[in-house]
There are 2 protein chains.
Amino acid sequence: MATDLSRGAGVLTIDLDAIVDNYRVLQRRSAPAETGAAVKADAYGLGAERVAPALAGAGCRSFFVAHLDEGIALRRILPAAWIAVLHGPPAGAERDLVEHRLTPVLSEPGQVTRWAKLATHTPSRLSAILQIDTGMTRLGLGRTEVEALVADHAILNALRLTTVMSHLACADEPLHPLNAAQLARFDELRALLPPLKASLANSSGIFLGPGSHFDLVRPGVALYGVNPAPGQKNPMRPVVRLTAPVIQLRHLEGPAAVGYGARHRSEAGRRIATVAVGYADGYLRSLSGCGHASIDGLRVPVVGRVSMDLITLDVTEVPESRVEPGQAIDLIGEGCDLDALAAKAGTIGYEILTSLGGRYLRRYLPPAA
Amino acid sequence: MATDLSRGAGVLTIDLDAIVDNYRVLQRRSAPAETGAAVKADAYGLGAERVAPALAGAGCRSFFVAHLDEGIALRRILPAAWIAVLHGPPAGAERDLVEHRLTPVLSEPGQVTRWAKLATHTPSRLSAILQIDTGMTRLGLGRTEVEALVADHAILNALRLTTVMSHLACADEPLHPLNAAQLARFDELRALLPPLKASLANSSGIFLGPGSHFDLVRPGVALYGVNPAPGQKNPMRPVVRLTAPVIQLRHLEGPAAVGYGARHRSEAGRRIATVAVGYADGYLRSLSGCGHASIDGLRVPVVGRVSMDLITLDVTEVPESRVEPGQAIDLIGEGCDLDALAAKAGTIGYEILTSLGGRYLRRYLPPAA
């Protein structure tokens, strides 16, 4: 029987202890606000089934998912947690939220009306969150819609709102004028509403300072090791390591094209290592000819196009004794910072995480006791 | 209970009848060569568990996967098919291939040696495929390695090779000089080997004409509706349709920024629809500000950045009566050609397919009886 690594596919190691540490760093920085956790999109691709219990073990009580069905799945994993569904109740599925004790985020007049109707006719202690739009124009009631809601006491009372939330569009750019504008709009619209707990900050929002923390912060990506404060030293511990073995090593006898489209030309004497990870595994095709990996800390460039199931690396600069078929190469982690890789791919660490594919062997490092 | 669509997430419809039709089109074009099917990467993201039996039902007998573990999974689905593992046997896992009757593609001297050793010591009728590199420098023996193999009769005989294969780097560019060079190299290296069946063409290779068909063609992406002959009318039936409902519709009261980074500014009076599909669902972030969707055939642009779980569309040009929350929008399919979307994203249809996420409701249209 082969060892795990020798099965050829990549090995994705997810450090739950680092996630727990990151949670605590964010918690200290946000106190006295409560620190919740965004575990939508399967905990940003890292596996909500393992990540959410680790966070709960670290004291996290409030979890955010995007879709109703994510909430239903998380409820099975965390029977006692408070779980908010950011996309709110889909029309006609309101009762599913009640059944699974999921707290809706109401962002749209139709959602508000249907939820109020349900709450009026259904004895339920379930409360709701109201989302208001403060300048991102994505989800949340606008000013006119908030005013209409406030004018309708019957509906407003039926909702049993506990919390008002909004979302920052530019929190990763502290000097962007929209941050101050969104804060001002948040205060202005909250003032129209009865007193409610307030929630505004995502990961980057936490690093804008206490003025954006309010009662409940909702970090996501920072928990998973992405730098929430671009341009500064990353305050988070890295969470993800991706390695994969070389499945073929070629010493070029003559000059040769490498990969699809023959876009890369290698000279005679170069050594090309092929690794069985490709864009179907979330190693984005935009890393063609610009990504890099690492062997024992030595940087090796991706040459040629990323294929569906394979990448090719020029390992000529690595001593021959240190690279052979079966040798593990670091693709994310040591020597291959997640955020730097994302920048090379023209995207952000978030997309690298959520793209991580299903063919990796996933190993979880447990939280320290 | 909500209808499926009203659960908010996208609905991915996969037309197995179109896949079967596409298989037959490729089969007719490739005859008398046998037409196999590449179902690696979970049938290019579409679900090997459903796609492979549909292809087998259409008469396909030869299937290609990338990884050993994909082969083991496919063997459970297709007990009688011939299944080739393109990445070959990982070191130490050779016996797993024998156990599951998977045919290895041997691309590297170590694989060759280990497989020969196993074949010598294990009574098994399992044969193997030899991959040779004809100019892509990704997988396959080079000339010197082929010569060394041919010189070693004991190993060569032990392998029980039935087939020699290679892979084209530029088949989607018929005029690229590497196509002719690869064909010439293929003939040249085959001449060194004993007589074997030959396989060279992927989807685009089939469209290079009979000279590249040999005994067995291995289409993948064309089965799934991507145009294998870019620049010409797509000869394949579309396979994938992705729709998702509007979860919020905002009529802008004043000018507003839309989405992360406030990179898009909308004027007062515009209508912005939010749809609960984002890059975590494989709607690539590179479609920010340049993708488009379709409502009843009317084209609506993606405005602002693609978020993890959401996109925002300017639907101002669609009559008000034809768009409201809950309304389904086409993201791939009618009015949103897969290849055109890929081009907008700076990639190819293959990556759009393999990125399709796990939160969609997947519906399969069965093959016609």
Query raised in the report: How large is ³J(HN,Hα) for each residue in region B:216-221, as worked out from phi by the Karplus curve 6.51 cos²θ - 1.76 cosθ + 1.60 (θ = phi - 60°), to whole Hz, x for Gly and Pro?
Result: 8, 9, 10, x, x, 4
Query raised in the report: By how many degrees, between 0 and 90 and to the nearest 10, does the Cα long axis of helix B:177-190 differ from the longest principal axis of chain B?
Result: 30
Query - Degrees separating the helix A:68-77 axis from the principal Cα axis of chain A, which is the longest one - result: 80
Query raised in the report: What list of ³J(HN,Hα) values in whole Hz, one per residue of region A:262-270 in order, does the Karplus curve 6.51 cos²θ - 1.76 cosθ + 1.60 (θ = phi - 60°) give from phi, with Gly and Pro shown as x?
Result: 6, 7, 10, 10, 10, 7, 4, x, 6
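For every helix of n ≥ 4 consecutive DSSP H residues, a contribution of -39,500 (n - 2.57) applies; sum these over the protein assembly as shown, divide by its total residues, and give [θ] at 222 nm rounded to the nearest 500 deg cm²/dmol.
-8000 deg cm²/dmol
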**Report entry** Which of A:D152, B:D17, B:D330, B:D172 has the fewest Cβ neighbours within 10 Å, and the rest in rising order
**Finding:** A:D152, B:D17, B:D330, B:D172
Report summary line: By the C-alpha gyration tensor axes a ≥ b ≥ c (rounded if a/c is under 1.5, else prolate when a/b exceeds b/c, else oblate), the shape of region A:16-224 is oblate
Requested in this report: Can you tell me the order of A:78-84, A:288-294 when each peptide is scored by its average per-residue count of other Cβ atoms within 10 angstrom, highest first?
Outcome: A:288-294, A:78-84
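How much of the DSSP beta bridge set in chain A is antiparallel, as a percent to the nearest 5?
Looking only at bridges with both residues in chain A, the antiparallel portion is about 50 percent.
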Query raised in the report: So what's the angle, to the nearest 10 degrees on a 0 to 90 scale, between helix B:48-57 and the longest Cα principal axis of chain B?
Result: 60
Query raised in the report: Once amide H atoms are built 1.01 Å from N in the peptide plane, which residues 5 or more positions from B:E34, or in another chain, come under 5 Å H to H?
Result: B:L216, B:V217
Query raised in the report: Considering every residue in A:85-93, what mean count of other chain Cβ atoms within 10 Å of its Cβ is obtained?
Result: 6
Report task. Note down the nm distance, to one decimal, between modelled labels 7 Å out along Cα→Cβ at A:D187 and at A:R24. Result -> 3.5
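Share of antiparallel DSSP beta bridges in the protein assembly as shown, in percent to the nearest 5?
Numbers: 54 of 107 bridges.
Within the protein assembly as shown, antiparallel bridges account for around 50 percent of the total.
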**Report entry** All lysines inside 24 Å of B:K344 as judged from Cα atoms, apart from same-chain residues fewer than 8 positions distant
**Finding:** A:K344, B:K233
Report summary line: Taking the label point 7 Å from Cα along the Cα-Cβ vector, the copy-to-copy distances for A:L365, listed from shortest in nm with one decimal, are 4.9
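If R₀ is 22 angstrom, what is the calculated FRET efficiency for the pair A:T120 and A:E147, using the beta carbon separation as r and rounding to 0.05?
Between A:T120 and A:E147 the formula returns 0.55.
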**Report entry** Order of B:S199, B:S212 under a 10 Å beta carbon neighbour criterion, fewest first
**Finding:** B:S212, B:S199
Report summary line: In terms of the alpha carbon gyration tensor, root eigenvalues a ≥ b ≥ c, rounded if a/c is under 1.5 and otherwise prolate when a/b exceeds b/c or oblate, region B:240-336 is oblate
Requested in this report: Highest first, please rank the peptides A:185-193, B:52-60, A:217-225 by the mean number of other Cβ atoms sitting within 10 Å of their residues.
Outcome: A:217-225, B:52-60, A:185-193
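Every number in this text was worked out from the coordinates using simple rules, so none of it is lab data. Everything quoted here is computed from the prediction, not taken from an experiment. Positions of Cβ are backbone-derived with ideal geometry, glycine not excepted, and every protein chain shown enters the neighbour counts.
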